Amino acid sequence: MLLSRNERGFDTDILIIGGGPAGSSAGIESSKAGLKVLVVERKKQIGEPVRCAGYIPSLLLNEIGTRADFIIQSVDNMVSILPDGTRHVLRAPGYLIERSIFDRRLYETAVQNGAKYLLGARALEFVNGMVMVKKSDGNIIPIKAKVIIGADGPHSRVSSWMGIKDRSLVMAVQARVPLESSLNNTIIFLKKEYFGGYGWLFPRGDEANVGIGVKKTPLKRPNIYKLLTDLIHQLNKEGIIKNRIVNITAGWIPVRPLERFVSNNMMLVGDAAGHTHPITGAGIYQAVSGGRMAGLIASRAIKNNDLTLLMEYQREFMEIFYDSLKRADMKRELMESNWKDLNNIIKRCWIGFREYYHES
Ligand SMILES: Cc1cc2nc3c(=O)[nH]c(=O)nc-3n(C[C@H](O)[C@H](O)[C@H](O)COP(=O)(O)OP(=O)(O)OC[C@H]3O[C@@H](n4cnc5c(N)ncnc54)[C@H](O)[C@@H]3O)c2cc1C
């Protein structure tokens, strides 16, 4: 039996909604602490389908402590191409990973530590202190938890249960394409057409992920698939990629961290908390780091029978990430409001330039 039954439904110490990097990282730490942990994940298979370009900074690898068989290749530099065509190279060591394997390794570690997963199960609503979960067989089960961790991504339901409505999101579309020859750098395309976002080429062995992120506003509804096709044609003409698309994926990326991500017995982690970097959109590192922090602190709060301790997670996360996320948030505002003048503003707003760090 996965769960213990109470008179109205099922009980657990910690209910984690979402089995991505943030949810499984929270699951690893809280099950290690000996608590009863249930993760509900709407996908039937952890990590599939992949909606990610798969870049992680070297730093993350030292921290996760699982088998690192998800690494496809390393990269040394990031090449940024400005709107006027000039190129700028920055040292940015990191890895391109197979995201589906990465997510599975975290899941396996959580399971080894004792966390239980309900796959193909979707959290629907929060009623009378219970989370209603629809299982893959169509049955709805009510679950009561001492702490609920929302790790349910950019369109987080848990955040809406906490009263959070407005979220700032960038839409992203990405194609897997064969490379003409291997690369050891990522390439970033900064163009006026990509309002509030950018284009990328991230190599992965003999293939690459080529993608575009663009902000949709009531006034600007860009045809993102056309922009992606144009970029692919350009890269093919330049002899960088072959003229073939292996697959296409699309997704959403939060670009504004939430000010509040703990409330009563609920905590938000990863994309659900808007913890992606507002300029680059990278969020795997913060999802793993924040997930672990939330799992540990939730366990401590339950053991001490004091849920006010959950606020420690918000404080601790901000202590580590505030400077980087706040700076990026300010730069995004500057960049979006001066978009017409992108060529002149870009060095102050893109992480590849010294100017980005030298002004507050
Ligand atoms: C195209 C694209 C490219 C990206 N490239 C990079 C990159 O190169 N590097 C990087 O660092 N970041 C990248 N990101 C961002 C990165 O993917 C996220 O920051 C990261 O996945 C966050 O992890 P998470 O666990 O918070 O959320 P997710 O990985 O989104 O996991 C959330 C999980 O919750 C589940 N879920 C949602 N709702 C429910 C529900 N109601 N009930 C049950 N389960 C639910 C979902 O199925 C999902 O598995 C990219 C994003 C996109 C869209």
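The values are calculated or read from the model by the stated rules, or taken from the named source; none is laboratory data. What you see is a predicted model; the values in this text were computed from it and never measured. All Cβ positions, even for glycine, are placed from backbone atoms using ideal geometry, and neighbour counts span all protein chains on display. Accessible surface areas use protein heavy atoms only, side chains included; no ligands, DNA or RNA. Shrake-Rupley method; radii C 1.70, N 1.55, O 1.52, S 1.80 Å.
Worth a mention:
- The helices (runs of 4 or more DSSP H) falling completely within segment 1-117 that include 3 or more residues that are in contact (Cβ under 8 Å) with a residue 24 or more places away in the chain and touching a Gly at 6+ places or on another chain (Cβ under 8 Å) map to 21-32, 99-112.
- Qualifying residue in segment 230-243 (condition: at pLDDT below 95, open to solvent by 40 Å² or more (accessible area, probe 1.4 Å) and farther than 27 Å from G27 by Cβ): yes
Here's the yes/no breakdown for (1) part of a helix (DSSP H, G or I); (2) in contact (Cβ under 8 Å) with a residue 40 or more places away in the chain; (3) over 28 Å from T12 (Cα atoms):
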| residue | (1), (2), (3) |
| --- | --- |
| G291 | yes, yes, no |
| I345 | yes, no, yes |
| R348 | yes, no, yes |
| G352 | no, yes, yes |
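- Of the residues making up segment 32-77, those that are open to solvent by 30 Å² or more (accessible area, probe 1.4 Å), within 11 Å of the ligand (Cβ to nearest atom) and over 17 Å from the mean Cα position of the chain (by Cα) are K44, Q45.
- Subset tally (residues that are over 25 Å from V50 (Cα atoms) and open to solvent by 20 Å² or more (accessible area, probe 1.4 Å)) for segment 114-137: 7
- Number of the condition not met by V255 [criteria: (1) within 14 Å of the ligand (Cβ to nearest atom); (2) surrounded by fewer than 19 Cβ atoms within 10 Å (Cβ to Cβ); (3) among the aliphatic types (A, V, I, L, M)]: (2)
- For segment 259-301, taking the residues that are on the phi > 0 side of the Ramachandran plot and within 11 Å of the chain's Cα centre (by Cα), the one that is farthest from the ligand (Cβ to nearest atom) is identified as G274.
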